[in-house]
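Undergrad: The structure's right below; bear with me while I get my questions together.
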Amino acid sequence: MLNGKRILLIVAGGIAAFKCHDLIRRLRGQGAHVRCVLTEAGARFVTPLSLQALSEDKVYTDMFSLTDESEMGHIELSREADLLVVAPATANILARMAAGMADDLAATVLLATDKPVLAAPAMNVRMWTHAATVANVETLKKRGVTFVGPNDGAMACNEYGPGRMSEPAEIVTAIDAMLATTGSLTGKRALVTSGPTREALDPVRYISNHSSGKQGHAIAAALAKLGADVTLVSGPVSVADPFGVKVVKIDSADQMLAACLAAGAVDVAVCAAAVADWKAAKPADAKIKKKAGAPPPALELTPNPDILATLSQPGPQRPRLVVGFAAETENLVANAVDKRTRKGCDWIVANDVSPATGTFGGERNTVHLVTGEGVEEWPTLAKDEVAVRLANRIAGQFGPPRSIKAAE
Ligand code: C5P
């Protein structure tokens, strides 16, 4: 799949650097050319010689080598690549990227590039969850950097948690997706709903749910990367607005429906939002007061509009493809198959949200795709990877495939 693709692999200084050997071997096995840039810290973990032997190419380490500059300057290094991969992406190199520093060859190449960048973070769990790293990752995502991982697990420092670099096979899958030769969505319009809704009880209280918006936002980003003109209608979430997507922020289900209808005709609609089923029948205009000795107020609820079912209704405005989600805690597939018919949508992405799976708010998702042709079981993937896979499947429904880069 990667035949002839040129990958510039930037190896920074972390214990996970040893996985680069396997990564290079796999990429070359798929026909890619791999050229390596090794940071000074990276060279403490792997040697230029081992990278050179596996890539069968020169390894670049020193920004100030005159020979390198005349042969292959930093601009040229990034210009000739189809994709830059930073693996391991340490807290340090992510911080330098976010700050726009150019203090060594790796950082300079990353600053000078106009090519897609994939980062595979690897660091101690506390470094990964530190506010500085969280902010740096958000900044880089906003600028269009794609992330794969990190995974949860035991670490070299005897701790456990998120921070392990993705396995080489997962990184190759992410690279495949970014350089996908599947169908393009250029010229297509997409609508995505994401996040929870908030249903007011009075001006200060509301009913809502735990949806983080991570999956819906990732889908909007993945569709945009395939060239679609994407409108994302989102409830209140803390995840950043995806790069290159028009975001409409709403609170309630009624507002979400109105925003979806206002988006006009679209080719594909993906309803990933966790819309509240009910709202207060009569939200109070003023804060409901506690009265000493009085019983708690009764909560009268009324159903919300079903946005997915509304968008799925037959008619000239109906999108060619409507995709719904089914979050289930039991009988996942049977309920999803039933939901597809009941709602009138084309596909259902079914995911198990029982608390043990950690899907709500977590980074990973295990889904089944229910289509008119049957049920596909997908492996457990990062939410970003589920999104890329779904976007590629959606692209496959529109027009003949043509060679594009997902990050164009
Ligand atoms: O009926 P249920 O909530 O299980 O269906 C889930 C699917 O329906 C999701 O795609 C969700 O975004 C959509 N939905 C909707 N409007 C509602 C309820 C659910 O669009 N009021």
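The values are calculated or read from the model by the stated rules, or taken from the named source; none is laboratory data. Source: prediction; values computed, not measured. Glycine gets a Cβ as well: all are built from the backbone with ideal geometry, and neighbour counts include every protein chain shown. Just the protein is used for accessible areas: all its heavy atoms, side chains included, with ligands, DNA and RNA removed. Shrake-Rupley method; radii C 1.70, N 1.55, O 1.52, S 1.80 Å.
Undergrad: Run through the DSSP bridge list for the stretch 6-178 and note the antiparallel percent, rounded to the nearest 5.
TA: On the way: 4 of 22 bridges.
Close to 20 percent.
Undergrad: Next up: Among Thr310, Gly374, Gly293, which residue has its Cα positioned farthest towards the positive end of the charge dipole of the stretch 189-398, with +1 placed on the Cβ of Lys and Arg, -1 on the Cβ of Asp and Glu, and the dipole taken about the Cα centre?
TA: Farthest along the dipole direction, towards plus: Gly293.
Undergrad: Say we join alpha carbon atoms closer than 10 Å with springs in a Gaussian network model of the chain; which of Ala220, Ala91, Ala41 then has the biggest fluctuation?
TA: Ala41
Undergrad: Can you give the angle from 0 to 90° between the axis of helix 19-29 and the longest principal axis of the chain, with both taken from C-alpha atoms, to the nearest 10?
TA: With both axes taken from Cα atoms, the answer is about 90 degrees.
Undergrad: Suppose we keep just the DSSP beta bridges with both residues in the chain; what percent of those would be antiparallel, to 5? List each step's numbers first, then the result.
TA: Details: 19 of 62 bridges.
Within the chain, antiparallel bridges account for around 30 percent of the total.
Undergrad: Extending each Cα 7 Å along its Cβ direction at Leu299 and Thr366, get the distance between those two points in nm, one decimal.
TA: About 3.1 nm, to one decimal.
Undergrad: Can you give the helix-only mean residue ellipticity at 222 nm for the chain, where every DSSP H stretch with n ≥ 4 adds -39500 (n - 2.57) and the sum goes over all residues, rounded to the nearest 500 deg cm²/dmol? Provide the component values of the computation, followed by the final result.
TA: Working: 14 runs with 130 residues, N = 408.
The per-residue figure over the chain is -9000 deg cm²/dmol.
Undergrad: Okay, moving on. Can you give me the % of accessible surface on the stretch 225-374 that is carbon or sulfur? Probe 1.4 Å, all protein chains present, nothing else counted. Write out the running numbers ahead of the final one.
TA: Working: 4320 of 8000 Å².
Ligands and nucleic acids excluded, carbon and sulfur give 54 percent.
Undergrad: Suppose all protein chains stay in the model; what accessible area per residue would a 1.4 Å probe give for the chain, in Å²?
TA: Values: 18990 Å² over 408 residues.
Using a 1.4 Å probe on heavy atoms only, each residue of the chain averages 47 Å².
Undergrad: Could you sort the peptides 80-89, 335-344, 17-26 by per-residue average Cβ neighbour count (10 Å cutoff), highest mean leading?
TA: 80-89, 17-26, 335-344
Undergrad: Working from Cα positions, state the angle (0 to 90°, nearest 10) between the long axis of helix 253-262 and the longest principal axis of the chain.
TA: Once rounded, the angle reads 70 degrees.
Undergrad: Which is farthest toward the positive dipole end of the stretch 189-398 among Pro203, Ala269, Thr329, measuring Cα position about the Cα centre, with Cβ charges +1 (Lys, Arg) and -1 (Asp, Glu)?
TA: It is Pro203.
Undergrad: So if I place +1 on the C-beta of Lys and Arg and -1 on the C-beta of Asp and Glu, and nothing else carries charge, what would the dipole magnitude of the chain be about its Cα centre? I want it in debye, nearest 20. Working shown, then result.
TA: Numbers: 43 positive and 43 negative charges, 199 e Å.
For the chain, the charge dipole is close to 960 debye.
Undergrad: Follow-up question, since we're still on this one. When only Cα pairs under 8 Å and 6 or more residues apart are kept, what is the percent relative contact order across the stretch 6-178?
TA: On the way: 338 pairs, mean separation 39.8, N = 173.
Dividing the mean separation by the residue count of the stretch 6-178 yields 23 percent.
Undergrad: Related question: Might you report the magnitude of the Cβ-based charge dipole of the stretch 189-398 about its Cα centre, with Lys and Arg at +1 and Asp and Glu at -1, to the nearest 20 debye?
TA: Numbers: 23 positive and 22 negative charges, 123 e Å.
Computed about the Cα centre, the dipole is about 600 debye.
Undergrad: Using a Gaussian network model on the chain with a 10 Å cutoff between Cα atoms, which of Glu76, Glu300, Glu328 fluctuates the most?
TA: Sorting by GNM fluctuation, first place goes to Glu300.
Undergrad: Could I ask something else about it? Normalised by the residues of the chain, what does the relative contact order come to in percent, with Cα pairs under 8 Å and at least six apart? List each step's numbers first, then the result.
TA: Details: 896 pairs, mean separation 56.1, N = 408.
Rounded, it is 14 percent for the chain.
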